[in-house]
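See below for the structure under consideration.
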Amino acid sequence: MTSYTISLEKPAVKEKIAAIEKIKHEIRSYKTVAILDLRKLPDALLQGIRKKLRKEGKIIVGKKPVMKRVLESDPKLAKYVSVADAPIALILT
């Protein structure tokens, strides 16, 4: 088995780590977190939801590996890691 090491100095890795930390901070500042499956979701519907939530909530869409690590890092959300195999969004209110 080959082992790989990831350099934390690469710009792409730094961006992903920063994105994970930012999303984790956002999750802590909201009371409710919902997970939305983005497969076959019409763009107009997503934009409509964003518009309605603009004042009291937020929708965060990220890359699958980033969202998976965010879910893994939160004990309450860890049981939903398997959902992150598909494109997802987090709805925060």
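Give me the pairs, please: first residue somewhere in the range 10-38 and free of Cβ contacts under 8 Å to residues at least 60 places away in the same chain, second residue anywhere and open to solvent by less than 60 Å² (accessible area, probe 1.4 Å) and of a type in the set (Ser, Thr, Tyr), beta-carbon distance under 9 Å, and either six or more positions apart or on two chains.
Val13/Ser7; Ile20/Ser73; Lys24/Ser73; Val33/Thr93; Ala34/Thr93
State which residue is most open to solvent (accessible area, probe 1.4 Å) when the search covers only the range 3-21 and only residues that are among the charged types (D, E, K, R) and closer than 17 Å to Lys64 by Cβ.
Within the range 3-21, the match that is most open to solvent (accessible area, probe 1.4 Å) is Glu15.
Among the hydrophobic types (A, V, I, L, M, F, W, C) and not in a loop (DSSP other than H, G, I, E, B): which single residue out of Ile23, Ile6 fits that description?
The unique qualifying residue is Ile23.
Outside any helix (DSSP H, G or I), more than 29 Å from Ala12 (Cβ to Cβ), open to solvent by 100 Å² or more (accessible area, probe 1.4 Å) and among the charged types (D, E, K, R): which single residue out of Lys31, Lys52 fits that description?
None of the others qualify; the one that does is Lys31.
Determine, yes or no, whether Ile60 is touching an Asp or Glu at 6+ places or on another chain (Cβ under 8 Å), surrounded by 12 or more Cβ atoms within 10 Å (Cβ to Cβ) and either touching a residue at least 40 places away in the same chain (Cβ under 8 Å) or not charged (D, E, K, R) (or both).
So Ile60 fits the description; yes.
Only residues that are closer than 14 Å to Ile27 by Cα and among the charged types (D, E, K, R): list them for the range 57-67, please.
Across the range 57-67, the qualifying residue is only Lys58.
Take the range 69-93 and flag every residue that is assigned to a loop (DSSP other than H, G, I, E, B) and loosely packed, with under 14 Cβ neighbours inside 10 Å.
Matches in the range 69-93: Pro75, Lys76, Ala86, Thr93.
Is there any pair linking a residue in the range 71-85 that is modelled with pLDDT of 90 or more to one that is open to solvent by 90 Å² or more (accessible area, probe 1.4 Å), with Cβ under 7 Å and at least six apart or on different chains, and which?
Leu71/Tyr80; Ala78/Glu72; Val81/Glu72; Ala84/Lys64
Look at Val66 and say whether it is surrounded by 13 or more Cβ atoms within 10 Å (Cβ to Cβ) and closer than 21 Å to Lys14 by Cβ.
Answer is yes for this residue.
Among what's in the range 34-48 and is open to solvent by less than 70 Å² (accessible area, probe 1.4 Å) and outside any strand (DSSP E or B), pick the residue that is nearest to Pro87 (Cα to Cα).
Out of the qualifying residues, it is Leu38.
The values are calculated or read from the model by the stated rules, or taken from the named source; none is laboratory data. None of these values were measured; they are calculated from a predicted model. Counting neighbours? That spans all protein chains shown, and the Cβs are built from the backbone with ideal geometry, glycine included. With ligands, DNA and RNA removed, areas are computed over all heavy atoms of the protein, side chains included. Shrake-Rupley method; radii C 1.70, N 1.55, O 1.52, S 1.80 Å.
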